[in-house]
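The block underneath contains the structure these notes are about, expressed in structure tokens.
The values are calculated or read from the model by the stated rules, or taken from the named source; none is laboratory data. Computed from a predicted model, the values in this text were never measured in an experiment. Neighbour counts are summed over all protein chains in view; Cβ atoms, including those assigned to glycine, are modelled from backbone coordinates with ideal geometry. These area figures cover heavy atoms from the full protein model, side chains too; ligands, DNA and RNA do not enter into them. Shrake-Rupley method; radii C 1.70, N 1.55, O 1.52, S 1.80 Å.
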Amino acid sequence: MRLRLGLLAASMVGVVAAAAPSFAQKQGGTLRMPHRENPPSASILEESTISVVQPFMSVFNNLVVFDPNEKANSPDHIVPDLAETWSWSDDKTKLTFKLRQGVKWHDGQPFTAKDVKCTFDAVAGLDEKSELLRKSPRKIWYINLKEVSTNGDYEVTFTLGRPQASFLSMLASGYSPIYSCHVAGRQMRTKPIGTGPFKVTEFKRNEAIKLVRNPDYWKKGHPYLDAIEWKIVPNRATRMLGFQSNEFDMTFDSDVTFPLLKDVKAQSPDAVCEARPTNVNSNILINRDSPPFNNPELRRALVDAIDIHAFSEILSQGHDLDGAAMLPPPYGKWGMPKEMLASLPGHSTDIEKSRAEGRKIMEKLGYSADKPLKIKVATRNIAIYRDPAVILIDQLKKVHIDAELDPIDSSVWYNKIAKKDYQIGMNLTGVSVDDPDVNFYENFYSKSERNYTGYNNPDVDKLIDQQSAEPDLEKRRKLVWEIEKKLAEDVARPVIGHNVANTCWSPKLKGVKLQVNSIYNSWRFEDYWLDK
């Protein structure tokens, strides 16, 4: 695979120049956005997709956020949001926040420390009686959180079981909003109440999402826009036509593939387009608990069929990044070096040798070209999932596996895979924070609800805990590489590639700042404005 760093860097430099306002921001206007599908709900804390975060993050605030002016999210660049200041105890197990006063929820009720405690008691499962959430897919993030306590209305303390360097970064994620705990959970799924710059006026399934400016937003002078209107357009080609015909001011995040980019720029030559790593990786879910893939030899044969370079060439014209579980360098801080990566299953450059070994395994198990193993490959019924699934099906033929595509509506996809109601799944895993705790605990720890394959290795669990507690950066990085190696050898969730894609917007839209190591943390929209 060609790692086209020069092209990406040049693209980003051009975007910075194009996005920088040359004069004062203008108030007013409606931002018109396409959405790729019907979001399963409006409740960010209960969902696990950019389809919810991108339209609804602007409704809420966090305690802290990653500095939106920095190109890469980093624990060194975290800034206040609903918290004004924070401090750690000497033993690094208590994190205390002083909260912003005078903040109101969209219904006029005051924001207090009780809302913070209520939110994280529900998310972490510390309050068994809480009815705020039906599910908490990132509960495992907070396995080390022992208590959330308040001291008056404007101070809250998180008590950890041990020091954990990643904890503040997790609170800065777009997946960590503070909820209005006086509002019923069912309302948060349909018409949520927040403290953010925009208020929800309509969420009409399969049609539209409409947000309006919060006139009482605590950040004075923001937002600049009067409204944001999302139109749900499931067909990507139709979304592209809508952008090219000026129906939309911006594309859905990372919706413009490299094969599509040429046409978009031809039809809209003034469009500003940015290519960036998304920290979303394409990977294969394997139901290791049920026949036939409860056989580890069969799982290894499947991996032997994979040509990740072909995936990259077809899907991104060679721009996707080759990596293991973590986002690879230089964009990722934790991914293993290229020379180590080449030794892992599924990352060999000798594809024919790997496929010959895969066929040998399959033939020993009684399969052949005339008698292939017949399976279904389930995937979400949106283009970014279907496209790699079709390539996977073609490659599996090389090791006597005859697969059929099983497209699943997004509204039921996560429930289906959580119940392990699949044989093979073509999946995309988005990592909201470039930190091993976020990725490893959520996707590979044995107790996680999001460990969709049921992978369970006590030694890996111990290593995940060990790296999380390790204060020395270089020692922690080596533990991370050891975990990546073990996950690949165990065929835990084979990684096809780390996606690189384009987001485009009208030159009239200003204030757009995207990050290169996450698509989940920059959708507050409070700094966007229209030069019309």
DSSP-assigned coil residues among GluC sites (Glu not before Pro) in segment 103-174, each with at most 13 further Cβ atoms within 10 Å
Glu128, Glu131
Using a Cα-Cα cut-off of under 23 Å, which lysines could be cross-linked to Lys398, ignoring same-chain neighbours fewer than 8 residues away?
Lys353, Lys360, Lys364, Lys371, Lys374, Lys376
In whole percent, what relative contact order does segment 133-187 give with Cα contacts below 8 Å and a gap of six or more residues?
28
Calculated from DSSP helices alone, with each H run of at least 4 adding -39500 (n - 2.57) and the total divided by the residues of the chain, [θ]222 nm to the nearest 500 comes to -8500 deg cm²/dmol
Surrounding charge for Pro163, neighbours by C-beta under 10 angstrom, Lys/Arg +1, Asp/Glu -1, total 0
For a distance above 15 Å, tell me the whole-number percent of Cα pairs in segment 58-111 that qualify.
59
Nothing charged except the Cβ atoms of Lys and Arg (+1) and of Asp and Glu (-1): what's the magnitude of the dipole of segment 273-334 about its Cα centre? Round to the nearest 20 debye.
240
May I ask you to give the solvent-accessible area per residue for segment 49-186, in square angstrom, as obtained with a 1.4 angstrom probe?
40
With all protein chains present, the chain has a carbon and sulfur share of its accessible area (1.4 Å probe) in percent of 49
What share of all Cα pairs of the chain, in percent, falls into each consecutive 20 Å distance bin?
22, 56, 21, 1
Free-by-geometry Cys in the chain, Cβ-Cβ under 4.7 Å as pairing rule, reported as none
With the cut-off at 17 Å, report for segment 180-221 the share of all Cα pairs above it, as a whole percent.
39
Packing-ranked peptide list from 361-369, 516-524, highest mean Cβ count within 10 angstrom first, is 516-524, 361-369
Accessible surface, segment 307-421, averaged per residue in Å² (probe 1.4 Å):
46
Rounded to the nearest 0.05, what FRET efficiency do Leu241 and Lys397 have when you use their Cβ-Cβ distance and R0 = 35 Å?
0.55
Given Cβ point charges of +1 (Lys, Arg) and -1 (Asp, Glu) and nothing else, what value in debye, to the nearest 20, does the dipole of segment 254-392 about its Cα centre take?
460
For a bin width of 10 Å, list the pair-distance distribution of segment 357-489 built from all Cα-Cα distances, rounded to whole %.
11, 31, 32, 22, 5, 0
Taking 8 Å as the Cα distance limit and 6 or more residues as the minimum spacing, I'd like the relative contact order of the chain as a percentage.
23
Net charge of Cβ neighbours under 10 Å - reference Asp255; Lys, Arg +1; Asp, Glu -1:
+2
Take the Cβ-Cβ distance between Asp350 and Asp459 as r, set R0 to 22 Å, and report the resulting FRET efficiency rounded to the nearest 0.05.
0.15
May I have the pair-distance distribution P(r) for segment 131-218, computed from all Cα-Cα distances with 5 Å bins from 0 and rounded to whole percent?
3, 10, 15, 20, 21, 15, 9, 5, 2, 0
With a sphere of radius 15 Å drawn around the Cβ of Ala324, what net charge do the other residues whose Cβ falls strictly inside it have (Lys, Arg +1; Asp, Glu -1)?
-1
